[in-house]
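Reviewing the structure listed below.
The values are calculated or read from the model by the stated rules, or taken from the named source; none is laboratory data. Just so it is clear, the model here is predicted, and its values are computed rather than measured. Every residue, glycine as well, gets a Cβ built from its backbone with ideal geometry; the counts of neighbours run over all protein chains shown.
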Amino acid sequence: MRFLLYFHTIRYLRLTQIISRFRFRFYRPKPNLLAPPPRRVVINRWIETSSGRKQSMVAENTFVFLNESRLINTLADWNDPTVEKLWLYNLHYFDDLNAEGSESRKEWHECLIHKWIEENPPGYGNGWEPYPSSLRIVNWIKYALCNRELSSLAVNSLAIQIRFLCERIEDHLLGNHLLANAKALIFSGMFFDGKEAEEWLAKGMFILHRELLEQILTDGGHFERSPMYHSIILEDFLDIENISEVFILKSLIKKETIIKMSNWLAAMCHPDGQIGFFNDSAFGIASSLVDLNAYMERLGYSVQDGLSDGVLQLPETGYIRLQKGKASLLLDVAPIGPSYLPGHAHADTLSFELSLNDMRLLVNSGTSCYGSGLERQRQRGTAAHNTLIIDDYDSSEVWGGFRVARRAQANLLNITETSTSLSLEASHDGYKRLSGNNMHIRKWQLSEEELVVVDEVTGVFSHAEIHFHFHPDILIQQTDDNTVLLKLSDGRSVEVTVHNANIYVESSMWHPYFGVSIPNARLVAVLTGFKVRTYIRWRGSV
């Protein structure tokens, strides 16, 4: 069984990933300690970035990441093996240099930069891995451009970090990691001057232009299909535009690309202004749509006003938004991601989220952790999403934290839009691998006062059930054998009725932030036949 998981995972990889993985593992470059190149002359003021970055350095040498506080006292604390890897990565990012209220922490930051240099010798530890290096390089340069001068020691260290990164580009991972590497090299090549800096800039531009063609799809979405990572990359591109203006160098990204990305993100947000939870997504990691829009406007872009009722299809990424009156519906008819890069994918095919006005009603469970543990596996699994599970199998074989073996392929069957309703039908073949040769077909029909969801299963199965996860603010009361009443936080109610299934309510967890698990409830509908109809009715109550 383990062999099959590896086989169905590795067969999708590109040869360059496999070769680069061996190189990355066995080739260790020697840090180049030569003096830094000269600084380039600043022409224009650095425009304030997205203002949503929260303070993470809460006291001298004390940090809060992933909702966990730790004190960094000794050299060993930077690489403590008992601490979650993602927490340590955040420690090395230096995001607090440019977070809200950072001016008041200037003395702390100066000491922290020197402490990092002293306690993280070149080439050693988490801080010198390419991804945290890329983010830290950018943050140190932003810090310098905001009139908070870097010492000569810090500038010298910065050059050493850049040279080391040049030898450790993440061709084995690809995706958003490569874009982060490219951004760091572009920032470096613009911040410094001379031949070496021009080489950094050229290398960064080459990676950026190559990856733009592949990673940003024609509907504006990022190809890993995570609204959270899409938001991060949109801000990266805005930062690149920003620093290009600082040094009056040519724009590296087409304005149409940034506008498309902004519009895509708006389509994937609920009326509360926050992202939907598809694949790896959580609040608090990327800047919000509101903050990104404000940043775009400061850079001279016009921002889209709101979304009108109707069907909004994002055909290349595979997401679809239905909006009718008070209801906004986000649907996943998407591939899990690029075939060779499914690390941030969840087994969430044909799942959906629903908001009424600005209140979230149905929610996918979100993401609170990385790593390879059981909780990571559970959060990626089908049961953590608003969709159907057959015989306790995931629709795509997610495993090992960031791996996927056999994958569900979604197929959009039909879209119908009338004056009274919006309808969409789709299927996926993720359960064809089971002995029952099953297909899941789902239809959504949204009108002014109700949503009807029809689930059909073909083939033979022993047990199948549909999960509907509700926002934690909603109270659920089962009123009869096939109906539950949802009490919203403002006292109004929504009725959910399920036909051709046995239903019950059970406890679950919602993970809106990394490191956070909030109790909520989910409705489980156990199929008694091959077709189930679910009616969600608000009829003027919202």
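Odds and ends about this structure:
- Cβ separations smaller than 8 Å between residues 6+ apart or across chains give the following pairs from region 161-174 residues that are in contact (Cβ under 8 Å) with a residue 60 or more places away in the chain and more than 13 Å from Tyr27 (Cα to Cα) to residues that are aromatic (Phe, Trp, Tyr) and assigned to a loop (DSSP other than H, G, I, E, B): Leu174/Tyr340.
- The set of residues in region 453-471 that are surrounded by fewer than 21 Cβ atoms within 10 Å (Cβ to Cβ), part of a loop (DSSP other than H, G, I, E, B) and touching a strand residue (DSSP E or B) at 6+ places or on another chain (Cβ under 6 Å) contains only Phe461.
- The criterion of being in a helix (DSSP H, G or I), aliphatic (A, V, I, L, M) and within 24 Å of Ile18 (Cα to Cα) does not hold for Leu153.
- Region 314-354 - residue that is in a strand (DSSP E or B) and over 20 Å from the mean Cα position of the chain (by Cα) and, of those, nearest to Thr416 (Cα to Cα): Leu322
- Restricting attention to region 217-254, the residues that are small (Gly, Ala, Ser), within 16 Å of the chain's Cα centre (by Cα) and in a helix (DSSP H, G or I) total 1.
- Restricting attention to region 36-63, the residues that are within 18 Å of Arg136 (Cβ to Cβ) and among the hydrophobic types (A, V, I, L, M, F, W, C) add up to 3.
- Whichever residue in region 123-141 is closer than 22 Å to Trp87 by Cα and more than 23 Å from the chain's Cα centre (by Cα) and, among such residues, is surrounded by the most Cβ atoms within 10 Å (Cβ to Cβ): Trp140
- Failed item, numbered, when Glu198 is tested on (1) in contact (Cβ under 8 Å) with a residue 12 or more places away in the chain; (2) assigned to a helix (DSSP H, G or I): (1)
- Unmet criterion (only one of (1) assigned to a strand (DSSP E or B); (2) within 11 Å of Asp348 (Cβ to Cβ)) for Ile415: (2)
- Looking only at residues in region 55-93 that are among the acidic types (Asp, Glu) and surrounded by 15 or more Cβ atoms within 10 Å (Cβ to Cβ), the one that is nearest to Glu107 (Cα to Cα) is Asp77.
- Restricting region 202-227 to residues that are crowded, with 22+ Cβ neighbours inside 10 Å and among the aliphatic types (A, V, I, L, M) leaves a set whose member that is farthest from Glu297 (Cα to Cα) is Leu208.
- Selection of region 230-255 for residues being among the hydroxyl-bearing types (Ser, Thr, Tyr) and more than 24 Å from Phe277 (Cβ to Cβ) yields Ser244, Ser251.
- Region 171-195 - residue that is modelled with pLDDT of 95 or more and surrounded by fewer than 20 Cβ atoms within 10 Å (Cβ to Cβ) and, of those, nearest to Asp239 (Cα to Cα): His177
- Of the candidates Ile474, Ile536, Ile518, the single residue that is surrounded by 21 or more Cβ atoms within 10 Å (Cβ to Cβ) and under 28 Å from Thr367 (Cα atoms) is Ile536.
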